[in-house]
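Participant: One structure is given below, represented as structure tokens, and several questions about it will come after.
All of the numbers you see were taken from the coordinates with simple rules; none came from a lab. Everything numeric in this text was worked out from a predicted model, so none of it was measured. Every residue, glycine among them, receives a Cβ derived from its backbone with ideal geometry; neighbour counts consider all protein chains shown.
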């Protein structure tokens, strides 16, 4: 390239950039319109609408012409157009609503654009989708308005005003031919004349058409319409929404009265200048608050009340807390009494896991829907409580418990060293919580999600919960049987429920084995004496269907035979006394030999005899209590899948590899004697984790 050509190219590039910088922004038209009227009978209608028009990308006309975008790029401003040149505009977006009244029968219709050329229409309960123009024509090639430059200014011609795509347009049922209107008036129904001065101040343009036509006498009635054309969208304001304590709000139920809210959250909606939080505008709006997708879980938590009222939402908009608003739909939808700049709403929670969506809409005096924002983001619907992962669990609770983003169905709580994960309660169920029996009576509990929990029904107070937790790694709680259904704790399970959570039922039996009441062995393998001795040796049992694995669901009940324990201790005492009093008897040799192995000489044996002779029945019952507590832990462990210590394949008191501290270790006859003599009793530690028994890893409160 020569030096002269290079200089020329640089000059043209500079000039083009300079001219481009001086060009006005592409013109955009905004139209706000109203139309109304009635015929000579009993029919009337009214509609409001808003529309936005942008420059066409193609020429739309009977002759060849230049596309509006190209014309404007050439002239750089509306004022720069030459007489006779045209700018064509297409309908970019539209929103319109109308109401018809025929002899008292009200019909509503609406049209809203989904994008250029695509519309959703409703008429009553009917909804359909329009494409205009047809698919093979781009929307931006269809002229819906035209600006024609004249010698004295310009003429703006609209094809129509924004109204729903329903009825006989223009003017609906009356029709233009039934009006007192001249041909000249027909030709300029939607025509606006603009002066040179108005073109020069295009950015501040506002022009209004306002016309009324009477119908011909034989039809009766009238039609009126108005349309305001602007080149900048008027600031009708945004709606700024605040939810008090939203980040940390967690719903609550009411244990005392399910018809009363457990807690509330306050929502404030106020008009402010578009994009500017805090600065008010002069306009007003009608605010509507509506709850949708509301949870309707039975009761207020997983097990309370046992016979709940049904059919009402867990979140409600009650007039009692919202006296300044009017009811549209009871408990669901409220709106302001007229146009206001600010409205406050109180949402009431009736469940510990209440959930729903609050939709907020605001319409100005012309029926135009305003943008709703929360934290500067367009958001007309708000999750209550805050729940970004949409699992119906408050994000604040999940964050506090260290389970953010976990699914509602998650049930994988772990105890180190135990094979089975989970406890039968899902994350959502632990969040919803339940009623348990505390020191002061009934209380509400939200179990820790990362802990395995278990429930016991213990009317006789046999279970030491702290000892059970230490022994198993579970976190146990008491419940009353009347709060369950066949021991099922989560009686109000609904959303994200697991396989059912069952409590272990444990009771005390004070009866003793009476020989004459013991039946014979149906197999004939045992003598009657053996049958009697077996029952007297059985101090507790877990009842489950034969062949079923031990789980909280299959173990129907646990019985501790306190009467048998007392009777057995008495018999052991009497046996040892007989051995000490009558050492000459051959049957007493084994017991005396055992005492000798303990290093008991004559003096120690005499002391033991004195203690045993002084042992009262009341003191014997006191010795029953520690055994009850041990057996309660032992049998509850059976109820969560743990075997007793085995000898071969059978549970046996004479098993090898004894671990005396493990609650699953059975007592030998020698250990029962040591308990009476010295108060020594094992089974007060953690479940053993070492082979061959490995009790700890077997624990599973899950079904």
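Participant: If each of residue 657 and residue 378 carries a label point 7 Å out from its Cα toward its Cβ, how far apart are those two points in nm?
Facilitator: In this crude label model, residue 657 to residue 378 measures out at 6.9 nm.
Participant: Over the alpha carbons of the stretch 526-644, what is the largest minus smallest coordinate on each principal axis, giving the biggest first in Å?
Facilitator: 54, 33, 25
Participant: Sticking with this structure for a sec: Quick one: if you take sqrt(5λ) for each eigenvalue of the C-alpha gyration tensor of the stretch 585-626, what semi-axes come out, biggest first, whole angstrom?
Facilitator: 24, 12, 11
Participant: A further question on this structure: Residue 531 versus residue 556, label points 7 Å from Cα toward the beta carbon: distance in nm?
Facilitator: Between residue 531 and residue 556, the label points sit 2.1 nm apart.
Participant: Ok, one more. Against the longest alpha carbon principal axis of the chain, how many degrees, from 0 to 90 and to the nearest 10, is the axis of helix 3-22 turned?
Facilitator: The answer is roughly 80 degrees.
Participant: Using the Cα atoms of the stretch 283-333 to build a convex hull, what is its mean projected area in square nanometres?
Facilitator: Details: hull surface 18.6 nm².
The directionally averaged projection comes out at 4.6 nm².
Participant: Given the peptides 630-638, 518-526, 686-694, arrange them by the average over their residues of other C-beta atoms within 10 Å, most packed first.
Facilitator: Working: 630-638: 24.3, 518-526: 9.7, 686-694: 15.7.
Ranked from most to least packed, the peptides come out as 630-638, 686-694, 518-526.
Participant: In what order do 427, 81 fall by count of nearby beta-carbon atoms within 10 Å, going from fewest to most? Working shown, then result.
Facilitator: Values: 427 25, 81 21.
Result, fewest neighbours first: 81, 427.
Participant: Hey, how many Å between the Cα centroid of the stretch 509-546 and the Cα centroid of the stretch 611-633?
Facilitator: 22 Å
Participant: A further question follows. Take the Cα coordinates of the stretch 411-460, assign each an equal point scatterer, and use the Debye formula without solvent to give log10 I(q)/I(0) at q = 0.15, 0.21, 0.32 Å⁻¹.
Facilitator: Once normalised to I(0) and log-transformed, intensities are -0.47, -0.79, -1.21.
Participant: Give me Rg over Rh for the stretch 465-506, both radii from the alpha carbons and Rh done the Kirkwood way, two decimal places. Before the final figure, lay out each step's value.
Facilitator: On the way: Rg = 12.0 Å, Rh = 11.6 Å.
Expressed as Rg/Rh, it is 1.03.
Participant: Let me ask you something else. Under the 0.36 nm per residue contour assumption, what length would be gained going from the current alpha-carbon distance of residue 674 and residue 514 to full extension? Write down the numbers at each step before the final one.
Facilitator: Numbers: separation 160, 0.36 × 160 = 57.60 nm, distance 2.65 nm.
Stretched fully, the residue 674-residue 514 segment lengthens by 55.0 nm.
Participant: Provide the gained length on full extension for the span residue 602 to residue 155, in nm with one decimal, where the gain is 0.36 nm per separating residue minus the Cα-Cα distance.
Facilitator: Stretched out fully, the residue 602 to residue 155 stretch lengthens by 147.9 nm.
Participant: Sorted by packing (mean other beta-carbon atoms within 10 Å per residue), highest first, where do 194-200, 106-112 land? Provide the component values of the computation, followed by the final result.
Facilitator: On the way: 194-200: 14.9, 106-112: 16.7.
So the order, starting with the most tightly packed, is 106-112, 194-200.
Participant: A further question on this structure: Please work out the FRET efficiency for the pair residue 611 and residue 488, using the Cβ-Cβ distance as r and a Förster radius of 56 Å; give the result to the nearest 0.05.
Facilitator: 0.70
Participant: Can you tell me the order of 61-70, 532-541 when each peptide is scored by its average per-residue count of other Cβ atoms within 10 angstrom, highest first? Intermediate results must be reported in sequence, preceding the final value.
Facilitator: Numbers: 61-70: 13.4, 532-541: 16.3.
Descending packing order for the listed peptides: 532-541, 61-70.
Participant: Where does each of 328, 489, 555 land when they are ranked from fewest to most other beta-carbon atoms within 10 angstrom?
Facilitator: On the way: 328 13, 489 28, 555 25.
Placing the least packed residue first, the sequence is 328, 555, 489.
Participant: Find how many whole Å separate the alpha carbon centroid of the stretch 430-499 from the alpha carbon centroid of the stretch 569-589.
Facilitator: 46 Å
Participant: If you find the alpha carbon centre of the stretch 21-57 and of the stretch 366-428, how far apart are they in angstrom?
Facilitator: Spelled out, the Cα-based centre of one part sits 43 Å from the other.
Participant: Take the eigenvalues of the Cα gyration tensor for the stretch 42-89, scale each by 5, and report the square roots as semi-axes in whole Å, largest first.
Facilitator: Details: eigenvalues 200, 37, 22 Å².
Working through the eigenvalues yields semi-axes of 32, 14, 11 Å.
Participant: Thinking of the stretch 479-594 as a set of Cα atoms, what percent of all their pairs are more than 17 Å apart?
Facilitator: Cα-Cα pairs of the stretch 479-594 separated by over 17 Å account for 72 percent.
Participant: Hey, what D do you get for the stretch 346-451 in µm²/s if you plug the Kirkwood alpha-carbon radius into Stokes-Einstein at 25 °C and 0.890 mPa s?
Facilitator: Numbers: Rh = 16.5 Å.
Using the Kirkwood radius from Cα pairs, D works out to 149 µm²/s.
Participant: Could I ask something else about it? Please pull out the direction-averaged projected area of the chain, using the convex hull of its alpha-carbon atoms, in nm² to one decimal place.
Facilitator: Numbers: hull surface 220.5 nm².
Average of the hull's projected areas for the chain equals 55.1 nm².
Participant: Starting from the Cα gyration tensor of the stretch 554-601, multiply each eigenvalue by 5, take the square root, and state the resulting semi-axes largest first in whole Å. The partial results should precede the final answer.
Facilitator: Values: eigenvalues 210, 31, 15 Å².
Sorted largest first and rounded, they come to 32, 13, 9 Å.
Participant: If each of residue 292 and residue 622 carries a label point 7 Å out from its Cα toward its Cβ, how far apart are those two points in nm?
Facilitator: The two pseudo-label positions are separated by 7.1 nm.
Participant: A further question follows. Using just the C-alpha positions of the stretch 561-703 as equal point scatterers, what log10 of I(q)/I(0) does the Debye formula give at each q in 0.11, 0.14, 0.15 1/Å?
Facilitator: -0.49, -0.74, -0.83
Participant: For the stretch 37-147, take every pair of Cα atoms, bin their distances at 5 Å starting from 0, and report each bin as a whole percent.
Facilitator: 2, 11, 16, 16, 13, 12, 11, 8, 6, 3, 1, 0
Participant: Ok, one more. What's log10 of I(q)/I(0) for the stretch 374-533 at q = 0.08, 0.11, 0.13, 0.16 Å⁻¹, Debye sum over Cα points only, no solvent?
Facilitator: Calculated log10 I(q)/I(0) at the listed q: -0.38, -0.61, -0.75, -0.96.
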